[in-house]
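The values are calculated or read from the model by the stated rules, or taken from the named source; none is laboratory data. Note that the structure is a prediction, hence the values are computed from the model and not measured. With ideal geometry, Cβ positions are generated from the backbone for all residues, glycine too; neighbour counts draw on all protein chains shown.
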Amino acid sequence: MKKVLIYVFLVIGILSACNLSVSRSSSILSFSNIENVPEDVQDIIDSNLKLQLINEGEKGAYIIFHSSGDIETDIESQDGTIIVNLKVTNSQDDVIKQHTYYLTTDPNHEEIVVRVNGDSIPFDSVSSL
C-alpha cells in the first residue's frame, strides 16, 4: 500500500511540474476591442490625440486610437516586439471615432509597435493607471 501511495504522489508531482512549465512558456498575448471603457481609463483619454497607450502594469495596456473610419485589426509577435496592425476603412473626414483596445502581453514582449495602414506611428502619449 505504501508503494502505491508513493507512486501516486510521484506521478502527481511529475504532472504538476509539467503543467507548471507549460503555463510559464505559453504566451498570453491577446488583443480585443473594448466597448465599455472603465471610468478611470476614460478620464485619462485625450480626444485630441490620435494614439495613446495607457499601461495597467503587468495586467496589460489600453490602446486608444482616434480615427475617421472603421478599423480592422490584426496583431503579431516578432522577436519580443508586438506589432498591432490597424487598417482604416470607410473613412469619413468629419466624424472622428474613439477605438479602444486592450492588449495583454507576457514578459517576453518588450516593445509595442502600431502600424496604421502599413505605416508605423508613434504613441502621442504613454501613461499608467
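A few points about this structure:
- Every residue from segment 26-84 that is of a type in the set (D, E, K, R), surrounded by 14 or more Cβ atoms within 10 Å (Cβ to Cβ) and either within 23 Å of residue 95 (Cβ to Cβ) or out of contact with any strand residue (DSSP E or B) (no Cβ under 8 Å at 6 or more places or on another chain) (or both): 50
- Residue within segment 1-23 that is part of a loop (DSSP other than H, G, I, E, B) and modelled with pLDDT of 75 or more present: no
- Lone qualifier among 74, 70, 79, 93 - being closer than 12 Å to residue 115 by Cα and either charged (D, E, K, R) or touching a Cys at 6+ places or on another chain (Cβ under 6 Å) (or both): 74
- Any hit, segment 53-65, residues being under 24 Å from residue 28 (Cα atoms), β-branched (Val, Ile, Thr) and in contact with a helix residue (DSSP H, G or I) (Cβ under 7 Å, 6 or more places away or on another chain): yes
- Output for segment 85-109, where each listed residue is of a type in the set (A, V, I, L, M, F, W, C) and surrounded by 12 or more Cβ atoms within 10 Å (Cβ to Cβ): 86, 88, 96, 103
- Yes/no for residue 66 being part of a strand (DSSP E or B), under 16 Å from residue 42 (Cβ atoms) and touching a Lys or Arg at 6+ places or on another chain (Cβ under 6 Å): yes
- In the set 121, 112, only one residue is surrounded by 11 or more Cβ atoms within 10 Å (Cβ to Cβ), touching a Ser or Thr at 6+ places or on another chain (Cβ under 9 Å), farther than 21 Å from residue 35 by Cα and at pLDDT 90 or above; that residue is 112.
- Verdict on residue 92 being at pLDDT below 90 and not acidic (Asp, Glu): yes
- Any hit, segment 92-101, residues being among the hydrophobic types (A, V, I, L, M, F, W, C) and touching a residue at least 40 places away in the same chain (Cβ under 8 Å): yes
- When residue 76 is tested against (1) in contact (Cβ under 8 Å) with a residue 24 or more places away in the chain; (2) in a strand (DSSP E or B), just one condition goes unmet, and that condition is (1).
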